[in-house]
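In what follows, a single structure is set out as structure tokens and then discussed.
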Amino acid sequence: MAFSIIACVGKNLELGKNNDLIFHFKDDMKFFRETTRGHTIVMGLNTWKSLGEKPLPNRQNLILSHAPLTELPENTAQIPDFDTFVKENKDTDEEIFIIGGATIYKIFLPYARTLYLTEVDAEKEADVFFPEFNKEDYDLTTLQSLTENQTNFNINKYTRKEK
Ligand SMILES: NC(=O)c1ccc[n+]([C@@H]2O[C@H](COP(=O)([O-])OP(=O)(O)OC[C@H]3O[C@@H](n4cnc5c(N)ncnc54)[C@H](OP(=O)(O)O)[C@@H]3O)[C@@H](O)[C@H]2O)c1
């Protein structure tokens, strides 16, 4: 499977509030940049808006929306149809990163082989959450254990167990 999810969540799977991020850790942003650089990234319309409708550099930016999006900048395109996109890409060798937000994580979760989850040891007020998932279905590797601003977080890699 070609889809990898990448997200940063709180203890209760908190993701964001008022269409913005709630966690800002320098080393997490670095991990995100280094992991996704040179790859295709997929996001929902709200996340695209939260980026100020500017593509993340050095990556092919793909956006999901039911409404047609016009005048998209360079290195940016709309995914015409979710089901077709999944069908055409789920078995490619290329790693495609699903970068959010909540709605997009939920629809890609069944197809993602890998979840890169930065799990923050803190609770924050949020209005969007990462979908519940069964940790027993995955092998867990902790890639980094870090502390910033007196807050601990682990960058974890969950790999779906072969059935
Ligand atoms: N913590 C993190 O790692 C992280 C990462 C990214 C984002 N976030 C946060 O997540 C929040 C945004 O999440 P969200 O759930 O509100 O929005 P979102 O997932 O970014 O985008 C949702 C939109 O995607 C479109 N969409 C969804 N399913 C679709 C489908 N099957 N086909 C076509 N289009 C589809 C819809 O747009 P239309 O209404 O136009 O159809 C929908 O309104 C923000 O707070 C953001 O900061 C957090």
- Task: Kindly list the number of the only condition in (1) out of contact with any Cys (no Cβ under 6 Å at 6 or more places or on another chain); (2) touching a residue at least 40 places away in the same chain (Cβ under 8 Å); (3) among the polar types (S, T, N, Q) that fails for Thr118.
- Result: (1)
- Message: I'd like the residue in segment 111-133 that is open to solvent by 80 Å² or more (accessible area, probe 1.4 Å) and not in a strand (DSSP E or B) and, out of all such residues, is nearest to Phe31 (Cα to Cα).
- Response: Asp121
- Message: Being closer than 13 Å to Phe97 by Cα, among the hydroxyl-bearing types (Ser, Thr, Tyr) and touching an Asp or Glu at 6+ places or on another chain (Cβ under 8 Å) is true for just one of Thr36, Thr40. Which residue is that?
- Response: Thr40
- Query: Of the residues that make up segment 40-58, is at least one of a type in the set (Lys, Arg) and within 21 Å of Tyr138 (Cβ to Cβ)?
  - Reply: no
- Subset of segment 45-74, residues part of a loop (DSSP other than H, G, I, E, B) and touching a strand residue (DSSP E or B) at 6+ places or on another chain (Cβ under 6 Å), comes to Pro55, Arg59, Leu69
- Task: Quick one: which residue in Gly44, Gly38, Gly100, Gly52 is on the phi > 0 side of the Ramachandran plot and within 12 Å of the chain's Cα centre (by Cα)?
- Result: Gly100
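Matching residues to (1) out of contact with any Gly (no Cβ under 9 Å at 6 or more places or on another chain); (2) of a type in the set (A, V, I, L, M):
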residue: Ala2; (1), (2): yes, yes
residue: Ile6; (1), (2): no, yes
residue: Gly10; (1), (2): yes, no
residue: Leu13; (1), (2): yes, yes
residue: Asn18; (1), (2): yes, no
residue: Asp28; (1), (2): yes, no
residue: Phe31; (1), (2): yes, no
residue: Gly38; (1), (2): yes, no
residue: Gly44; (1), (2): no, no
- Task: Mind listing just one residue for me: the one in segment 1-23 that is polar (S, T, N, Q) and open to solvent by 20 Å² or more (accessible area, probe 1.4 Å) and, of those, farthest from Lys90 (Cα to Cα)?
- Result: Asn18
- Tally the residues that are closer than 19 Å to Thr118 by Cβ and outside any helix (DSSP H, G or I), restricting the search to segment 28-43. 5
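The values are calculated or read from the model by the stated rules, or taken from the named source; none is laboratory data. Please read all numbers here as calculations on a predicted model, not as lab measurements. Every residue, glycine as well, gets a Cβ built from its backbone with ideal geometry; the counts of neighbours run over all protein chains shown. The accessibility values were calculated without ligands, DNA or RNA, using every heavy atom of the protein model including side chains. Shrake-Rupley method; radii C 1.70, N 1.55, O 1.52, S 1.80 Å.
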